[in-house]
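Q: Following this message is one structure expressed as structure tokens.
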Protein chains: 2
Amino acid sequence: MNNSPWLDEVKWDGNGLVTAIAQDAKTQRVLMVAWMNREALQLTADSGIAHYYSRSRQKLWKKGEESGHLQHVQELRLDCDGDVVVLQIEQAGGIACHTGRASCFYRRFEQGAWVSVDEVLKDPAAIYGAGN
Amino acid sequence: MNNSPWLDEVKWDGNGLVTAIAQDAKTQRVLMVAWMNREALQLTADSGIAHYYSRSRQKLWKKGEESGHLQHVQELRLDCDGDVVVLQIEQAGGIACHTGRASCFYRRFEQGAWVSVDEVLKDPAAIYGAGN
């Protein structure tokens, strides 16, 4: 039932995963990096909403399902050796990171140390609920 | 002789590597994704020139050493879980991909297929020499 030859062009790693970079379509900032399996990439392409594969939870992960911070995909690209995809996305809520920041890349290297330089836009407890 | 605690904050994978994204500091385009080991990241920070670890050749790789397409690093960031770095770089020659294109992400998903949409700026044979 393989009717998706484009998925065969992706070079899945030993665990059946590919690296996925979510980049803000407007600001061009790199927001986060996660993983996709075949199902996640297929669903992303079909729905226009970013789906990933959570390695820690070992299951499909619709980004924002709990937080409401869905990612609407405007463009999908594959690199030369086929093992990384870049998604141009519109980030609902303007928050991609589970710490409540716009981007997961909030630590900058300065004089021999990683320094947090971006503000927390929303308390994670308020994003995910006190029960989590 | 560990005098680099910032390197200990990086979450190296089972092979001692971290994912590294090179992003054009001016255009903000994602140019390529590669890997770094501890030595490569240390050298990158010390020299201001991007160094990676080549998994295929299993050795340190100073990007552009052969092609002249060095990457001058302007900023280095680490993500929330410490397993990906983003480098803001200035790409010498304007070509990051071994295919002679500006970016490795030259294939766009269009109606169920990956379509090459970016031009080859320089023949790879001219970049790397006919002997390679």
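Q: In chain B, which residue puts its Cβ closest to the axis that turns chain B onto chain A, and how many whole Å away is it?
A: Residue of B nearest the axis onto A, distance in Å: B:28, 2.
Q: Okay, moving on. Between the label point of residue A:82 and that of the same position in each other copy, find the distances and list them shortest first in nm, with every label point placed 7 Å from Cα along the Cα-to-C-beta direction.
A: 3.5
Q: Accessible area drop of at least 50 Å² (1.4 Å probe, protein heavy atoms): which residues of the stretch B:94-115 qualify, relative to the chain alone?
A: Output list: B:105, B:107, B:108, B:109, B:114.
Q: Restricting to lysine pairs 8 or more places apart or on different chains, what number in chain B have Cα atoms under 25 Å apart?
A: On the way: B:11/B:59; B:11/B:62; B:11/B:63; B:26/B:62; B:26/B:63; B:26/B:122; B:62/B:122; B:63/B:122.
Pairs that pass both the separation and distance tests number 8.
Q: Further question: Just the number, please: carbon plus sulfur as a percent of the accessible area of the protein assembly as shown, 1.4 Å probe, no ligands or DNA/RNA counted.
A: Carbon-and-sulfur percentage of accessible area, whole number: 46.
Q: Taking the label point as lying 7 angstrom from Cα along the Cα-to-Cβ axis, what are the distances from residue A:48 to the corresponding position in the remaining copies, in ascending order and in nanometres?
A: 4.5
Q: In degrees from 0 to 90, rounded to the nearest 10, what is the angle of the helix B:38-47 Cα long axis to the longest principal axis of chain B?
A: 80 degrees
Q: Ranked highest first by the average count of other Cβ atoms within 10 Å around their residues, in what order do B:21-33, B:46-58 fall? Could the numbers behind the result be given before it?
A: Values: B:21-33: 20.3, B:46-58: 15.3.
Descending mean neighbour count gives B:21-33, B:46-58.
Q: Taking GluC sites (Glu not before Pro) that fall in a DSSP loop and have at most 13 other Cβ atoms within 10 Å as cut points, what is the longest piece of chain A between them? Intermediate results must be reported in sequence, preceding the final value.
A: Values: sites that count: A:9, A:65, A:66, A:119.
My reading of the result: A:10-64 is the longest stretch.
Q: Go through the stretch B:16-35 and flag every residue whose accessible area shrinks by 40 Å² or more with all protein chains in place compared to the isolated chain (probe 1.4 Å).
A: Buried by the other chains: B:21, B:28, B:30, B:33.
Q: Give the accessible surface of the protein assembly as shown per residue, rounded to a whole number of Å², with probe radius 1.4 Å and ligands, DNA and RNA excluded. All intermediate terms of the calculation are to be shown ahead of the outcome.
A: Details: 12870 Å² over 264 residues.
I get 49 Å² per residue for the protein assembly as shown.
Q: Follow-up question, since we're still on this one. Based on the Kirkwood radius over alpha-carbon pairs, what is the Stokes-Einstein translational diffusion coefficient of the stretch A:5-128 at 20 °C with 1.002 mPa s viscosity, in µm²/s?
A: 142 µm²/s
Q: Let me ask another. Grab the other residues whose beta carbon is less than 13 angstrom from that of residue B:31, score K and R as +1, D and E as -1, and report the net.
A: +1
Q: Going 7 Å from Cα along the Cα-Cβ axis for the label, what nanometre distances separate residue B:111 from the same residue across the other copies?
A: Copy-to-copy label distances at residue B:111, shortest first: 5.7 nm.
Q: At 222 nm, what helix-only mean residue ellipticity would chain B give, in deg cm²/dmol to the nearest 500, using -39500 (n - 2.57) for each DSSP H run of four or more?
A: Counting only the DSSP helices, I get -3500 deg cm²/dmol.
The values are calculated or read from the model by the stated rules, or taken from the named source; none is laboratory data. For clarity, every value in this text was computed on a predicted model and none was experimentally measured. With ideal geometry, Cβ positions are generated from the backbone for all residues, glycine too; neighbour counts draw on all protein chains shown. For accessibility, only protein heavy atoms count, side chains too; no ligands or nucleic acids. Shrake-Rupley method; radii C 1.70, N 1.55, O 1.52, S 1.80 Å.
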